[in-house]
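Scroll down for the structure; my scribbles are underneath it.
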Amino acid sequence: MVKKSHHGNSRTLGKLFQFYLPTKTHRIYSCLHCRAQLASHDELISKSFQGSQGRAYLFNSVVNVNTSAAEERVLLTGLHEVADIYCDCCKTLLGWKYEHAFETSQKYKEGKFIIELVHMIKDNGWDDENIDQSNYLKK
């Protein structure tokens, strides 16, 4: 909702609403900085990606993110059109979304999301697999 003040300035009113993954969803990746949920482990496609700050994961879908305008970038696998993604809650740059791949072999990435490990933490249900949370970001 946008409201005009008596000075003619516009300001946004309202509350930020987070999307929460279903309670039956175990093993969730969250923003390290504000703990907003980002993705379910079920949406993870690959752990073999490289971001600007180290290892990154490729997800089919994510929640609680906003995207910037898309731009062409030369990445390790060639020219892509990507849009940066930011945490909806704390505005941290998390990674990017592949909007368009120019090489046929890279088309599978279109519409998918990269989140860098340096910005994620594992939440909810990981203890069931005896995963040591403290070592997660060191790997």
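Label sites at Glu81 and His26, each approximated as a point 7 angstrom past Cα along Cα to Cβ, lie 4.1 nm apart.
Cross-linked pairs Lys97/Lys122; Lys47/Lys122; Lys47/Lys112: Cα-Cα separations exceed 18 Å for Lys97/Lys122. Among the GluC sites (Glu not before Pro) in the stretch 29-134, those placed in a DSSP loop whose Cβ has at most 16 other Cβ atoms within 10 Å are Glu103, Glu110.
Readers should treat all values here as calculations from the given coordinates under stated rules, not as data from a laboratory. Because the structure is predicted, anything quoted here is derived from the model rather than measured. Backbone-built Cβ (ideal geometry, glycine too); neighbour counts: all protein chains shown.
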